[in-house]
Amino acid sequence: MGIITGDYKVEYFDENQEKKGEVTFPPIDEDTVNINHTFVDSSLRGMGMAGKLMEAAARQIQKEGKKAVLSCSYAIKWFDSHEEYKDILK
């Protein structure tokens, strides 16, 4: 249960090991990823889960020393209000 960071994605699983949320960021090239998808199950909407997943993705990308481009509308909105992660944007 909880948020799990993997290769080019961050996922949230509930206590039944069902995936209830994810952010994906596939590579564009060796140094850049594209944050292209955010999903949160309707049972978790309005609880801040998408923001938690996006923050985990941003931290992972930052930790790997990569840059990100944003094609996901939620990611664009999220980064607009999170200046502390602007350094990873390309």
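Remarks
- Counting only protein heavy atoms and a 1.4 Å probe, the stretch 2-88 has 56 square angstrom of accessible area per residue.
- Of Met54, Met47, the residue with the largest accessible area leads and the full order is Met47, Met54 (1.4 Å probe).
- Of the solvent-accessible surface of the chain, computed with a 1.4 Å probe and all protein chains present, 48% belongs to carbon and sulfur.
- Per DSSP, loop trypsin sites (Lys or Arg not before Pro) in the stretch 30-77 with at most 16 further Cβ within 10 Å: Arg45
- Net charge dipole, the chain: roughly 180 debye, given to the nearest 20, about the Cα centre with Cβ charges of +1 for Lys and Arg and -1 for Asp and Glu.
- The relative contact order of the chain comes to 24 percent, based on Cα pairs under 8 Å that sit 6 or more residues apart.
- Accessible surface of Glu64, taken over heavy atoms with a 1.4 Å probe and every protein chain present, rounds to 80 Å².
- Percent of alpha-carbon pairs separated by more than 16 Å within the chain: 48 percent
- Distance from the C-alpha centroid of the stretch 51-67 to that of the stretch 1-15: 13 Å, rounded to the whole angstrom.
- Applying D = kT/(6 pi eta Rh) to the stretch 1-43, where Rh is the Kirkwood radius over alpha-carbon pairs, T corresponds to 4 °C and eta to 1.567 mPa s, the Stokes-Einstein value obtained is 118 µm²/s.
The values are calculated or read from the model by the stated rules, or taken from the named source; none is laboratory data. This structure is a prediction, so every number in the text was calculated from the model and none was measured. In this analysis, Cβ positions are derived from the backbone assuming ideal geometry, glycine residues included, and neighbour counts consider all displayed protein chains. What goes into the accessible areas is simple: the full protein's heavy atoms, side chains included, and nothing from ligands, DNA or RNA. Shrake-Rupley method; radii C 1.70, N 1.55, O 1.52, S 1.80 Å.
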